[in-house]
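Trainee: My questions all concern the structure below.
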Amino acid sequence: MNAIKTLTGDITHLVMDAIVNAANASLLGGGGVDGAIHRAGGPAILEACRKIRQEVYPNGLPSGEAVVTTGGNLPTRMVIHTAGPIYHSDPDPAGNLQKCYRRCLELAHQHGARRIAFPGISTGVYGFPKEEAARIAVATIREFFTQFPEAGMTVTLVAFSAADEQILQHHLR
Ligand code: ADP
């Protein structure tokens, strides 16, 4: 059985198989949830990101793509870093946000992750409207579950405030 849950809190505290990082193209850290993940996860995550930049994405991670690293010191086995679209400059913000969720779910599934947590990708400094982002997140996860009914995944959508969790809950009804 697959399931979607919501929760309000700090994603770095969660015991999961995989947590998603709303990273940026550089993969070398930033503010918001990205900064929190690197601070709490320690240098092993940054080291793995540097290696991916050198070996796979010398020009940076394109919007909508995702990569996997160790969870470092976090209580999660792995971190899936995705580059969300910058709402006001990306050529296709909705399509690329959908791609982010899809790629992260595919990678989680390939790596055998069953408990996976997402922050609100692009809904911070990247300016994606929270209502539309929540709708895309829920629709994309549900579509993935329809295609992989045997995945046995529990996806937790992590809000950073009670108001943000209300928005997610609304779209789950
Ligand atoms: P982006 O650049 O993709 O917009 P941000 O990190 O600025 O990424 O914000 C993405 C979302 O993550 C926002 O809704 C923000 O409130 C939330 N957020 C920030 N820190 C944390 C955290 N430690 N745990 C969970 N969510 C967080």
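The values are calculated or read from the model by the stated rules, or taken from the named source; none is laboratory data. Keep in mind that what you see is a predicted model, and the values were worked out from it rather than measured. Cβ atoms come from the backbone with ideal geometry, glycine included; neighbour counts cover every protein chain shown. Remember, those area values only see protein heavy atoms, side chains included, never the ligands or the DNA or RNA. Shrake-Rupley method; radii C 1.70, N 1.55, O 1.52, S 1.80 Å.
Trainee: What is the Rg over Rh value, at two decimals, for the stretch 54-93, using alpha-carbon atoms and the Kirkwood definition of Rh? All intermediate terms of the calculation are to be shown ahead of the outcome.
Mentor: Working: Rg = 12.7 Å, Rh = 11.8 Å.
Using only Cα positions, Rg/Rh for the stretch 54-93 is 1.08.
Trainee: Check SER26: other-chain or 5+ apart residues with amide H under 5 Å from its amide H, H built from backbone geometry?
Mentor: Long-range HN contacts for SER26: LEU61.
Trainee: Over the alpha carbons of the stretch 12-69, what is the largest minus smallest coordinate on each principal axis, giving the biggest first in Å?
Mentor: 31, 22, 22
Trainee: While we're here: Given a 1.4 Å probe, how much area per residue of the stretch 3-172 is accessible, in Å²?
Mentor: On the way: 7610 Å² over 170 residues.
Per residue, the stretch 3-172 has an accessible area of 45 Å².
Trainee: For the stretch 3-172, take every pair of Cα atoms, bin their distances at 10 Å starting from 0, and report each bin as a whole percent.
Mentor: Over the stretch 3-172, the share of Cα pairs per 10 Å bin runs 11, 43, 38, 8, 0 percent.
Trainee: Report, to the nearest whole %, how much of the accessible area of the chain belongs to carbon and sulfur atoms, 1.4 Å probe, protein only. All intermediate terms of the calculation are to be shown ahead of the outcome.
Mentor: Working: 4420 of 8030 Å².
Here it works out to 55 percent.
Trainee: Still on this model: What does the charge count around ARG142 come to, taking other residues whose C-beta lies under 12 Å from its C-beta (Lys +1, Arg +1, Asp -1, Glu -1)?
Mentor: Details: positive: ARG102, ARG135; negative: GLU143.
Neighbour charge sum, excluding ARG142 itself: +1.
Trainee: Treating cross-link reach as a plain straight distance, find the lysines whose alpha-carbon is under 27 Å from the alpha-carbon of LYS51, omitting any fewer than eight places away in the same chain.
Mentor: Reachable lysines: LYS99.
Trainee: Share of Cα-Cα pairs in the stretch 108-171 beyond 21 Å, in percent? Numbers along the way, then the final one.
Mentor: Details: 537 of 2016 pairs.
Here the long-distance tail beyond 21 Å is 27 percent of all Cα pairs in the stretch 108-171.
Trainee: Tell me the relative contact order for the chain as a rounded percent, counting alpha carbon contacts under 8 Å between residues six or more apart. Write out the running numbers ahead of the final one.
Mentor: Details: 339 pairs, mean separation 55.9, N = 173.
With pairs under 8 Å counted, the relative contact order is 32 percent.
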